[in-house]
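Taken together, the values in this text are just the output of simple stated rules run on the coordinates, not laboratory data. The structure displayed is predicted, hence computed values, not measured ones. So basically every Cβ, Gly included, is an ideal-geometry build from the backbone, and we count neighbours across all protein chains shown.
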There are 2 protein chains.
Amino acid sequence: MAKHDARLDLLFTSLGDPTRRAILARLARGEASVTDLASAHDMALPSFMKHLRKLEEAGLISTTKEGRIRSCALSPEAFAPVEEWLSEQRAIWNDRLDRLDDYVGNLMRERMHGTRPED
Amino acid sequence: MAKHDARLDLLFTSLGDPTRRAILARLARGEASVTDLASAHDMALPSFMKHLRKLEEAGLISTTKEGRIRSCALSPEAFAPVEEWLSEQRAIWNDRLDRLDDYVGNLMRERMHGTRPED
């Protein structure tokens, strides 16, 4: 549970930055070299590398080096805990709305029977 | 776009903390007073209030005060930009896989025709 929590912390905080989200959106279209990725961002390379490391740490991207070229690829399966957490919340919320629906439905039926003297 | 980005930054960073996610999961079950929410967390009240303020700033919860009681409620519609961003990524990724499928399919058909001398 705590381990899962730490993973979610890392994933959500990684996603909480526009540069990192832009990198992920670019990599969703296919692999790219660090040089190509960096060229799209007006940022010093060390700062850009920090963003890549954060994404790699979260497991959202993987990097491989061939000769002098370092390439980055998206790891889309890493989004799973985020999507699971969100759908869990949605399930709890929808369940609550369903129970509220039932409650209001019962209340209305009771009220109908209570206010019709001919019944 | 920049405005939308700032909203996503705030949402994702708000979700990147286990206390805040626990508060949201609790509120998905229904409204609760600050006192009740805080009692579930082993944390000084000022620190706890900071988490609530962060969630409120992100629009994920709303608070109302009646007499001395401050109540918190989930604003589930606030999750929409997060879910939209994730589904956009999934769409880009799936589109890429579809194109890869087409490419591999074409390659295999070409290869079949090329390696069967009787054709």
List the residues whose amide H sits under 5 Å from the amide H of A:Ala32, counting only those 5 or more places along or on another chain, with H placed 1.01 Å from N in the peptide plane.
A:Cys72
What angle do you read, to the nearest 10 degrees and between 0 and 90, between the alpha-carbon axis of helix B:18-28 and the longest principal axis of chain B?
80
At 7 Å out from Cα toward Cβ: B:His41 inter-copy label distances (nm, ascending):
3.0
How much length is gained on full extension from B:Ser87 to B:His113, taking 0.36 nm per residue of separation minus their Cα-Cα distance?
5.5 nm
Karplus couplings for the range A:76-84 from phi (6.51 cos²θ - 1.76 cosθ + 1.60, θ = phi - 60°), rounded to Hz, Gly and Pro as x?
x, 5, 5, 6, 3, x, 5, 5, 5
Filter the trypsin sites (Lys or Arg not before Pro) in the range B:1-51 down to the DSSP loop ones having no more than 15 other Cβ atoms within 10 Å, then list what survives.
B:Arg29
Label-to-label distances across copies for B:Gly30, with labels 7 Å out along Cα→Cβ, in nm, shortest first?
5.4
Once the convex hull of the alpha carbons of the protein assembly as shown is built, what does its volume come to per residue, in cubic angstrom?
246
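Let me know the Kirkwood hydrodynamic radius for the range B:2-75, please, with Cα pairs as the basis and the value in Å to one decimal. Don't skip to the end; give the middle numbers.
On the way: mean 1/r = 0.0796 Å⁻¹.
Value: 12.6 Å, from the Cα pair sum.
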If you plug each phi of the range B:60-72 into the Karplus form 6.51 cos²θ - 1.76 cosθ + 1.60 with θ = phi - 60°, what whole-Hz ³J(HN,Hα) values come out, in order, with x for Gly and Pro?
7, 9, 10, 10, 9, 10, 10, x, 9, 9, 9, 10, 10
On C-alpha positions alone, give me the angle between the axis of helix B:45-57 and the longest principal axis of chain B, in degrees, nearest 10.
50
Per-copy distances of the B:Ser62 label point, shortest first, in nm (7 angstrom along Cα→Cβ):
4.6
Where does the range A:31-119 land on Rg(C-alpha)/(2.2 N^0.38 Å)?
2.22
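Rounded to the nearest 500 deg cm²/dmol, what is the calculated helix-only ellipticity per residue at 222 nm for chain A, with -39500 (n - 2.57) per DSSP H run of length n ≥ 4?
Details: 5 runs with 80 residues, N = 119.
Counting only the DSSP helices, I get -22500 deg cm²/dmol.
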